[in-house]
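Taking it in order: structure first as structure tokens, then the write-up.
The values are calculated or read from the model by the stated rules, or taken from the named source; none is laboratory data. Just so it is clear, the model here is predicted, and its values are computed rather than measured. Note: ideal-geometry Cβ built from the backbone for every residue, glycine included; neighbour counts use all protein chains shown. For accessibility, only protein heavy atoms count, side chains too; no ligands or nucleic acids. Shrake-Rupley method; radii C 1.70, N 1.55, O 1.52, S 1.80 Å.
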Amino acid sequence: MKNAVLLLGGICLMGCGTSMKLAVPEKFKEQATMQHVDGARGNRMSFANFTTSKIKRGMQVSYPGWGRPFFLENLLWNQVGISKAETIENEKAKFRYAITDGRNTVEVFAHERQMTRKHEYEVMDNRSILSGMEVLQEHRYVFSALIAVDTAQEAKNWELMMTNMYDRHAEHDKNPFTFVKQEDEGLATNGIDTIHIKPLSIKKTELSNGKTGQLPFKLMSGYELRTRDGVIAIVDLIDRNIWFYNELTPAEKLNVSAITTALFARKVHDTKW
């Protein structure tokens, strides 16, 4: 993957009315090819000469629960008309599929797990507008996938891992309005080569009248796949496109396609537009 593009700057969103598009830098466009992914986030995907089998999904399970009861704390909170409770939400899912370029095939076996822990404050006077306040305490998201090559290929299996972690206590976060960010990141490796996967978060927009504005928050828009030599692919979550660096070998492009379709296929981590 030598001579890959070293810089990926100037990412922004362009809005036309209510629509927005990921603007890929011209320098990368000149050395890359864009492919639209038909069926992204569905049960079968295709683009260029790549097709997936039907995505077989296990049962997606979500189960809420209660944490600590805060008996002693509530003796004090109740005196001012407030009750405190802890809720824990768990969710998990798994899926598998195959993807082929017409010559070689790889199998993808993936698992998602997510846990969110919150403190809830209820005002005993139901007429209060403050009733039902939630304060995020902890969030853990882990996505893992095995990309297994067929026996006809002289290649190694790849492992993909994406995470998004938050712990209020460990980070000494005093902001009660912290929310779960969508910006997961991770890497894929076969034990020799490593691809780093970074989120693309955007605040700048270009409106239809040509003026540039700032969003009041970061907007998750895609991922950048990078090796030590530079950027090899960009995943556009908005328009569901993949930009491939032109110098990738067929084997490298198949592996990148397996990684990117696995990101599109997730259900627990919701990056839909």
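Given the pairs Lys54/Lys92; Lys198/Lys267; Lys29/Lys92; Lys94/Lys181, which span a C-alpha to C-alpha distance of over 29 angstrom in this model? As for pairs spanning more than 29 Å Cα to Cα, those are Lys29/Lys92.
Run the accessible area of region 36-195 with a 1.4 Å probe and give the carbon-and-sulfur part as a rounded percent. Carbon-and-sulfur percentage of accessible area, whole number: 54. In region 20-65, the alpha-carbon atoms span a convex hull of 151 Å³ per residue. How much net charge surrounds Ser83 when only the other residues with a Cβ under 11 Å from the Cβ of Ser83 are counted, with Lys and Arg +1 and Asp and Glu -1? Summing Lys/Arg as +1 and Asp/Glu as -1 gives -2. In this structure region 21-109 gives 61 Å² per residue of accessible area when probed at 1.4 Å with all protein chains present.
With the gyration tensor restricted to C-alpha atoms of region 20-99, the semi-axes of the equivalent ellipsoid amount to 49, 22, 8 Å, longest first. Surface composition of region 219-263: carbon plus sulfur atoms hold 44% of the accessible area, using a 1.4 angstrom probe and ignoring ligands, DNA and RNA.
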